[in-house]
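S.K.: Here it is, the structure, as C-alpha coordinates.
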Amino acid sequence: MARKKQRQQMQRARANKQLLTSIGKRDVQHQLQLLQEEENNSNNNNNNRADGLSINHSQRI
(Lines give C-alpha, C1' and ligand atoms only; values in the text may rest on other atoms or scores of the structure.)
Protein backbone atom coordinates (compact mmCIF):
# COMPACT_ATOMS: atom_id res chain seq x y z
CA MET A 1 0.00 0.00 0.00
CA ALA A 2 2.79 2.44 0.87
CA ARG A 3 4.51 1.65 -2.42
CA LYS A 4 1.33 2.39 -4.34
CA LYS A 5 1.03 5.82 -2.69
CA GLN A 6 4.70 6.51 -3.30
CA ARG A 7 4.30 5.56 -6.97
CA GLN A 8 1.24 7.81 -7.29
CA GLN A 9 3.15 10.69 -5.69
CA MET A 10 6.02 10.19 -8.14
CA GLN A 11 3.59 10.13 -11.07
CA ARG A 12 1.96 13.34 -9.84
CA ALA A 13 5.34 14.97 -9.33
CA ARG A 14 6.39 14.02 -12.89
CA ALA A 15 3.11 15.31 -14.33
CA ASN A 16 3.45 18.58 -12.38
CA LYS A 17 7.03 19.02 -13.55
CA GLN A 18 5.99 18.49 -17.19
CA LEU A 19 3.16 20.97 -16.77
CA LEU A 20 5.43 23.60 -15.22
CA THR A 21 7.98 23.06 -18.00
CA SER A 22 5.36 23.52 -20.71
CA ILE A 23 3.96 26.63 -18.98
CA GLY A 24 7.49 28.00 -18.66
CA LYS A 25 8.19 27.40 -22.34
CA ARG A 26 4.96 29.12 -23.32
CA ASP A 27 5.77 32.05 -21.05
CA VAL A 28 9.25 32.40 -22.55
CA GLN A 29 7.80 32.26 -26.08
CA HIS A 30 5.23 34.90 -25.13
CA GLN A 31 7.91 37.17 -23.64
CA LEU A 32 10.03 36.81 -26.80
CA GLN A 33 7.02 37.67 -28.95
CA LEU A 34 6.34 40.79 -26.87
CA LEU A 35 9.98 41.86 -27.13
CA GLN A 36 9.96 41.37 -30.90
CA GLU A 37 6.75 43.39 -31.25
CA GLU A 38 8.22 46.13 -29.07
CA GLU A 39 11.40 46.14 -31.16
CA ASN A 40 9.39 46.32 -34.40
CA ASN A 41 7.35 49.23 -33.04
CA SER A 42 10.53 51.00 -32.00
CA ASN A 43 12.04 50.50 -35.46
CA ASN A 44 8.87 51.80 -37.12
CA ASN A 45 8.93 54.90 -34.92
CA ASN A 46 12.58 55.52 -35.74
CA ASN A 47 11.85 55.13 -39.46
CA ASN A 48 8.97 57.59 -39.20
CA ARG A 49 11.21 60.11 -37.45
CA ALA A 50 13.87 59.69 -40.13
CA ASP A 51 11.24 60.24 -42.84
CA GLY A 52 10.07 63.37 -41.07
CA LEU A 53 13.61 64.70 -40.87
CA SER A 54 14.23 64.16 -44.57
CA ILE A 55 10.95 65.88 -45.45
CA ASN A 56 11.79 68.85 -43.24
CA HIS A 57 15.26 69.01 -44.74
CA SER A 58 13.94 68.99 -48.30
CA GLN A 59 11.39 71.71 -47.47
CA ARG A 60 14.17 74.01 -46.30
CA ILE A 61 15.91 73.78 -49.68
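S.K.: Name every residue in the stretch 1-17 that is loosely packed, with under 10 Cβ neighbours inside 10 Å and of a type outside the set (A, V, I, L, M), in order of residue number.
M.R.: 3, 4, 5
S.K.: Given the residues 8, 29, which is the only one that is at pLDDT 80 or above, within 16 Å of the chain's Cα centre (by Cα) and in a helix (DSSP H, G or I)?
M.R.: Result of the check over 8, 29: 29.
The values are calculated or read from the model by the stated rules, or taken from the named source; none is laboratory data. Small disclaimer: the values here were computed from a predicted structure and weren't measured. A quick note on method: Cβ atoms are made from the backbone with ideal geometry, for glycine too, and the neighbour counts reach across all protein chains shown.
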